[in-house]
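Notes follow once the structure below has been shown.
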Amino acid sequence: MGQSILRAAGFVLAVCAMLAASNAHAAETAPRRVKVMTFNIWLGGDQVNFGKVIEAIKASDADIVCLQEPAGNTARIAAALGWPYALPSRHVISRFPLFAPPAENGPDGNELNYAYAEVMPGRFIAIADVHLPSGDYGPYALRDNKTVDEVLEIERNTRLPAIEAYVPPSTAMAKSGLPVIIAGDFNAPSPLDWTPATVASHGFLQVKDALKWPAAQALLDAGFTDTYRAAHPDPAAKPGVTWSYGYPYPHLEPKEALDRIDLIMTLGSVKTVKSEILGDPQMPDTDIAVQPWPSDHRSVVTTLEVTPGPAPAMVSVAKRAVAQGDMVDVRFHAGSEDGRIESGKIVVRAQEAAADAPPLLSQASNDGTDRRNSISFGTYALDPGGYTAALLDADGKSLATAPFWVVAPDRRPTVTMAKASFAPGAPITVSWSNAPGNRFDWIGIYSKGEPDNVNYVGFFYINAAPDGTLTIGKDQLGEDLAPGDYEARLELDDDYTALAGTGFTVK
């Protein structure tokens, strides 16, 4: 990733450094019930009926929803529900205040997808919304007669690294008293469903014994609980298949491999009370019925009893790209018992400015009596570009920061190349501006004139950055680009909608 993408780390280290008094306070906090839902809504939720996506979330009575494939519709879904909190850069919506401070980068160069929900004043749970790589789906590889060893090697090279990155920070947070929930589309089954008693039911002759699918197994080995299996221990009695009963139901692919790949996993001070599956009433194991069912995935909602814990100082900007003249909403938590800091400030500086540079905008964080944790700034006086919101203590020390970008109201997304032509094997440098700032906005490399956005040569998520630069070489593509004419396209949020593009040549 280029220099213009903010790389931030240290949030988890701050969790580990919380004072013992905070942990003692967290231990005394009364548990409360929270419903968490994971829902892959299928390329924006419009493939069947967007209204049914909203109906399903309402029927679940969820408090927090981790979305996959929202295609830029995260805020739209929250608005349709009447919910006040949405994080397009994390694909999470909630009834509770949400924070999305900068996080450590994962193996793909993008921030780990943690959000923090303030379920009680000054007390939080951490939520990681994951959508693991979908290529070389394991059960399809078994269906295509690959051996178990070959399939496990695929899993170790694709989905395992993506989820392993969440284990150390999640473990640290749970030890600090902050409950952790990892929910999403794992694109791989749970080993708890491939036991000696059930492997034959999956129908693959080469699988003779229990199969430890590596991604979910890594979380189980780290002490996570698979909440659906905690509520329904017998996979033979209640398989709980989530993918796929149809495209849409009941239009099923021939020889479809059915599995439970949409999981809600928990670690720390959290217990499973109930776990339910949403789907068409005619699908097996449907607990909450919606018809027609709007996605190729079924959804899972788990009722949890959580003891929320402390969090360190953090700053969060829900919408990373703000049109000039619109408000930028900055949410903050001081890391104190109630999240407040006396004589503190929220300031805005240009991203390239020094940490002690005079602020462009400034407001008092708290006046000593209030406990507000959100401040809005007008942006009419800010030129288009990148900015940083920072929480300062009474001495002017920066406690936490978060990036955002201001774009001109009439500016459209653009893509530019460092050069019009690149030598074979040379790295390719592509820049973009005015991207929406969604979690999975991405750059795709295509043959020139390719009409189908699915047929990319390579793709790269851009870390929810509205502006940035990416250098792409053989290590990223897997091989050198052959001589020829190509296009770089900016694509929308885990969807196949091109927002901008430009051509280049390899010769």
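The values are calculated or read from the model by the stated rules, or taken from the named source; none is laboratory data. Here the structure is a predicted model, which is why all the values come from computation and not from measurement. Methodologically, a virtual Cβ is constructed for each residue, glycine included, from the backbone with ideal geometry; neighbour enumeration extends over all protein chains shown. Only protein heavy atoms, including side chains, enter the accessible area calculation; ligands, DNA and RNA are left aside. Shrake-Rupley method; radii C 1.70, N 1.55, O 1.52, S 1.80 Å.
Restricting attention to the range 200-234, the residues that are out of contact with any strand residue (DSSP E or B) (no Cβ under 6 Å at 6 or more places or on another chain), within 30 Å of SER269 (Cβ to Cβ), open to solvent by 20 Å² or more (accessible area, probe 1.4 Å) and not small (Gly, Ala, Ser) total 7.
I'd like to check something: does the range 278-289 contain any residue that is among the polar types (S, T, N, Q) and farther than 20 Å from MET173 by Cβ? The answer is yes, given that some residue of the range 278-289 is among the polar types (S, T, N, Q) and farther than 20 Å from MET173 by Cβ. Condition check for PHE124 on (1) part of a loop (DSSP other than H, G, I, E, B); (2) open to solvent by less than 10 Å² (accessible area, probe 1.4 Å): one failure, at (1).
The listed residues are LEU142, LEU160, and the only one of them that is more than 16 Å from LEU267 (Cβ to Cβ), in contact with a Pro (Cβ under 9 Å, 6 or more places away or on another chain) and either buried (at least 20 other Cβ atoms within 10 Å of the Cβ) or not β-branched (Val, Ile, Thr) (or both) turns out to be LEU160. Are any residues in the range 397-424 free of Cβ contacts under 8 Å to residues at least 60 places away in the same chain and either surrounded by 12 or more Cβ atoms within 10 Å (Cβ to Cβ) or in a strand (DSSP E or B) (or both), and if so, which ones? Residues satisfying the conditions are LYS397, SER398, ARG411, ALA418. Here the range 453-482 is the region considered, the condition is being in a loop (DSSP other than H, G, I, E, B) and touching a helix residue (DSSP H, G or I) at 6+ places or on another chain (Cβ under 8 Å), and the residue that is nearest to ASN434 (Cα to Cα) is VAL457.
Could we say that ARG33 is in contact with an Asp or Glu (Cβ under 9 Å, 6 or more places away or on another chain), at pLDDT 95 or above, surrounded by fewer than 21 Cβ atoms within 10 Å (Cβ to Cβ) and not hydrophobic (A, V, I, L, M, F, W, C) here? So ARG33 fits the description; yes.
Checked against (1) without any contact (Cβ under 8 Å) to a residue 24 or more places away in the chain; (2) in a loop (DSSP other than H, G, I, E, B), ALA79 passes all but condition (2). ALA311 passes every criterion in (1) among the aliphatic types (A, V, I, L, M); (2) assigned to a loop (DSSP other than H, G, I, E, B); (3) open to solvent by 10 Å² or more (accessible area, probe 1.4 Å); (4) in contact with a strand residue (DSSP E or B) (Cβ under 9 Å, 6 or more places away or on another chain) apart from (3).
Under 7 Å between Cβ atoms, at least 6 apart or on separate chains: pull out the pairs that start in the range 450-470 with a residue that is more than 16 Å from THR429 (Cα to Cα) and end on any residue that is part of a loop (DSSP other than H, G, I, E, B) and of a type in the set (D, E, K, R). The qualifying pairs are ALA464/ARG320; ALA464/ARG439; ALA464/ASP441; PRO466/ARG320. From the list THR471, THR401, the lone residue that is under 22 Å from the mean Cα position of the chain (by Cα) and of a type in the set (Ser, Thr, Tyr) is THR401. Beta carbons closer than 9 Å, at least 6 apart along the sequence or on distinct chains, pair a first residue in the range 96-121 that is free of Cβ contacts under 8 Å to residues at least 60 places away in the same chain and closer than 18 Å to ALA389 by Cα with a second that is of a type in the set (Lys, Arg) and open to solvent by less than 10 Å² (accessible area, probe 1.4 Å) for ALA115/ARG90. Against the conditions (1) open to solvent by less than 30 Å² (accessible area, probe 1.4 Å); (2) part of a loop (DSSP other than H, G, I, E, B), GLN47 satisfies every one except (1).
Taken as a whole, the structure places ASP485 among residues that are over 19 Å from PRO413 (Cα atoms), at pLDDT 95 or above and not in a loop (DSSP other than H, G, I, E, B). Please indicate, with yes or no, whether at least one residue in the range 441-448 is open to solvent by less than 20 Å² (accessible area, probe 1.4 Å), in contact with a strand residue (DSSP E or B) (Cβ under 6 Å, 6 or more places away or on another chain) and either farther than 27 Å from PRO102 by Cα or not in a strand (DSSP E or B) (or both). Among the residues of the range 441-448, at least one is open to solvent by less than 20 Å² (accessible area, probe 1.4 Å), in contact with a strand residue (DSSP E or B) (Cβ under 6 Å, 6 or more places away or on another chain) and either farther than 27 Å from PRO102 by Cα or not in a strand (DSSP E or B) (or both), which makes the answer yes.
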